[in-house]
Amino acid sequence: MEFGFGIPMRGLLATPENLAVLCRHGEELGFTYVSVSDHIVIPREINSRYPYSESGEFGGGGTGECLEQLTVLSFLAGRTSSLRLLTSVMVLPYRSLVHVAKILASIDVLSGGRLTLGCGVGWMQEEFEAIGAPPFEERGAVGSEYIRALKELWTSDDPEFAGEYCSFSNITFSPKPAQRPHPPIWVGGESNPAMRRAAFLGDGWYPIGSNPRFPLRTPDQFSRAVERLHRYAEDGDRDPETIDLAFSAGWYDERTAVTSTEGGRLSLTGSPEQISADISAFAEVGVRHMMLNFQEPTLHETQERMSYFANEIAPLVQE
């Protein structure tokens, strides 16, 4: 199992110095991934339902402050040496396709081939409208087309694409990404359309477990979802075993055993022995990469939680 941690994109911890310290600390502890979230602007009024809370309220607004994802990745590429740089996730319709393909390829080259593209199609209609993105209602079609176009730009010597949302021909796209055939593309989302997109187009599926409409908080829930993912892959004449499985579990808590909504202990909470057994169970159903939330109000507290996991819990995981 490979583990990752997220970094703050707003607030007092989101400074160049703190981000660099957290990433160096993560590398020293043996983490594989640093994940970077994606918002370009935070509208003052949000009526869209946030998919990953029971209330549907988005708690990440506050002052509206947010660093830009790809800029932060570029910064981290120069401040790290071994961490893989994960977009978690990049909202595909937010940026011009050819331009973002160039930025991502450049990050992969400059980082020595350490980019992983986690991608999705977004949930906040107000942000789509604020930045002039394609119509919110068409975001699924946009996302699928953009993934196909990215692959064309990253792998073809004479890239050419004619789609509804992007088109290009008679261009040279160079340099290509350092990774061949291209950086891994993990498709996020838990809905049936998102899972079909992962099955047809992704190198991996990267869901968040806390979506109340599509809960994946237990290994059994995740296993049943993977069965559905594999059926979609077979429908597309694809070997299901070629789809990598990653997982974002932002509710991880080593400080207390949290009670689940169904009763009993919530997975990935409690003692080191309980949490490591949960992680081992997720590994048994195919999860190979797990992102966890260690963020606290201060840098020291965040580092302490990362250290505790790396030193006390990760060594107990049975794979």
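For the list (1) in contact with a strand residue (DSSP E or B) (Cβ under 6 Å, 6 or more places away or on another chain); (2) over 20 Å from ARG114 (Cα atoms); (3) small (Gly, Ala, Ser), I need the number of the one condition that GLY60 fails.
Only one criterion in (1) in contact with a strand residue (DSSP E or B) (Cβ under 6 Å, 6 or more places away or on another chain); (2) over 20 Å from ARG114 (Cα atoms); (3) small (Gly, Ala, Ser) is unmet by GLY60, namely (1).
List the number of the failed condition for LEU97; all other conditions in (1) aliphatic (A, V, I, L, M); (2) over 18 Å from HIS182 (Cα atoms); (3) in contact with a Cys (Cβ under 6 Å, 6 or more places away or on another chain) hold.
(2)
Looking for something more than 18 Å from PRO183 (Cβ to Cβ), among the charged types (D, E, K, R) and in contact with a Pro (Cβ under 6 Å, 6 or more places away or on another chain) - is there at least one such residue anywhere in the stretch 137-144?
Taking every residue of the stretch 137-144 in turn, at least one turns out to be more than 18 Å from PRO183 (Cβ to Cβ), among the charged types (D, E, K, R) and in contact with a Pro (Cβ under 6 Å, 6 or more places away or on another chain).
Name the residue, out of GLU137, GLU190, that is over 29 Å from GLY286 (Cβ atoms) and either within 20 Å of the chain's Cα centre (by Cα) or part of a helix (DSSP H, G or I) (or both).
GLU137
Looking at the stretch 29-84 only, could you name the residues that are in a helix (DSSP H, G or I), of a type outside the set (A, V, I, L, M, F, W, C) and surrounded by fewer than 20 Cβ atoms within 10 Å (Cβ to Cβ)?
Within the stretch 29-84, the first condition is being in a helix (DSSP H, G or I), and the residues that meet it are 29, 69-77.
When the remaining residues are screened for being of a type outside the set (A, V, I, L, M, F, W, C), the result is 69, 71, 74.
Hits for the stretch 29-84 are THR71, SER74.
Answer with yes or no whether GLU137 is of a type in the set (Asp, Glu) and buried (at least 18 other Cβ atoms within 10 Å of the Cβ).
no
Given the residues GLY204, GLY188, GLY209, which is the only one that is touching a Leu at 6+ places or on another chain (Cβ under 9 Å) and closer than 23 Å to ILE107 by Cβ? Before you say what the answer is, go through the steps one by one.
Working: GLY188 fails: touching a Leu at 6+ places or on another chain (Cβ under 9 Å); GLY209 fails: closer than 23 Å to ILE107 by Cβ.
Only one candidate passes the filter, namely GLY204.
Restricting the search to the stretch 144-156, which residues are in contact with a strand residue (DSSP E or B) (Cβ under 7 Å, 6 or more places away or on another chain) and in contact (Cβ under 8 Å) with a residue 24 or more places away in the chain? Break it down stepwise before answering.
The first filter runs over the stretch 144-156 and keeps only residues in contact with a strand residue (DSSP E or B) (Cβ under 7 Å, 6 or more places away or on another chain), leaving 147, 149, 152.
Of everything in the stretch 144-156, those that are in contact with a strand residue (DSSP E or B) (Cβ under 7 Å, 6 or more places away or on another chain) and in contact (Cβ under 8 Å) with a residue 24 or more places away in the chain turn out to be ILE147, ALA149.
Right, ILE171: of a type in the set (A, V, I, L, M), over 15 Å from CYS119 (Cβ atoms) and not in a strand (DSSP E or B) or not?
yes
Can you pull out the residues in the stretch 95-105 that are under 11 Å from LEU73 (Cα atoms) and either at pLDDT below 95 or over 19 Å from the mean Cα position of the chain (by Cα) (or both)?
Across the stretch 95-105, there are no qualifying residues.
Is it fair to say SER191 is surrounded by fewer than 19 Cβ atoms within 10 Å (Cβ to Cβ), within 20 Å of TYR146 (Cβ to Cβ) and not aromatic (Phe, Trp, Tyr)?
Yes.
Determine the pairs where a residue that is free of Cβ contacts under 8 Å to residues at least 24 places away in the same chain, located within the stretch 53-74, has a partner that is part of a loop (DSSP other than H, G, I, E, B) and surrounded by 14 or more Cβ atoms within 10 Å (Cβ to Cβ) with Cβ atoms under 7 Å apart, the partner being 6 or more residues away or on another chain.
Matching pairs, first to second residue: GLY56/ARG49; GLY56/TYR50; GLU57/TYR50; GLY61/ILE42; GLY61/ILE46; GLY64/ILE42.
Only one of GLY122, GLY112 is modelled with pLDDT of 95 or more, in contact with a strand residue (DSSP E or B) (Cβ under 7 Å, 6 or more places away or on another chain) and not charged (D, E, K, R); which?
Only one candidate qualifies: GLY122.
The values are calculated or read from the model by the stated rules, or taken from the named source; none is laboratory data. Computed from a predicted structure; not experimentally measured. Positions of Cβ are backbone-derived with ideal geometry, glycine not excepted, and every protein chain shown enters the neighbour counts.
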